[in-house]
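Data first, discussion second: the structure below is written as structure tokens.
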Amino acid sequence: MAERNTQNTQGHGFAVGAIAGMVAGAVAGILLAPKSGKETRADIKEKAQEVDSQAREKATEAKQKAHEAREEARNTGRRWGKKAKNAAHASKEALEEESDEQETSDRS
């Protein structure tokens, strides 16, 4: 499970780095391009909208993955809870049987 958390953290870090790289590249490209101020502002606005759209998409994907991970954790917890309950019940029954056999043996 720790390995999965590490992978999720690394994936998140990669996504943040990728977005930051896109923003830095877009800004550098726009500012270094020989255009008028009006054209540069229009380019900045367009790139900002693209980055915003991509960031929203990544956020939606991250929310979905978080939801799936939460559901998986719940289901795993439920399964382990049922197994523990069944094991406790089986142990109780085995102890009761052993106790009954001991009582029968003692009476003989």
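The values are calculated or read from the model by the stated rules, or taken from the named source; none is laboratory data. Remember, predicted model here, so these are calculated numbers, not experimental data. All Cβ positions, glycine included, derive from the backbone under ideal geometry; neighbour counts span all protein chains shown.
The table that follows gives values for the structure above.
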| quantity | calculated |
| --- | --- |
| Criterion: touching a residue at least 24 places away in the same chain (Cβ under 8 Å) and not polar (S, T, N, Q) - qualifying residue of Lys63, Lys82, Lys92, Lys58 | Lys58 |
| Meets criteria (part of a helix (DSSP H, G or I) and either farther than 20 Å from Gly21 by Cα or not polar (S, T, N, Q) (or both)) for Lys47 | yes |
| Selection within segment 78-108 - of a type in the set (Ser, Thr, Tyr) and either at pLDDT below 80 or in contact with a helix residue (DSSP H, G or I) (Cβ under 7 Å, 6 or more places away or on another chain) (or both) | Thr104, Ser105, Ser108 |
| Only one of Ala59, Ala48 that is at pLDDT 80 or above, surrounded by 13 or more Cβ atoms within 10 Å (Cβ to Cβ), on the phi < 0 side of the Ramachandran plot and not hydroxyl-bearing (Ser, Thr, Tyr) | Ala48 |
| Identity of the residue in segment 56-101, hydrophobic (A, V, I, L, M, F, W, C) and under 16 Å from the mean Cα position of the chain (by Cα), that ends up farthest from Val16 (Cα to Cα) | Ala73 |
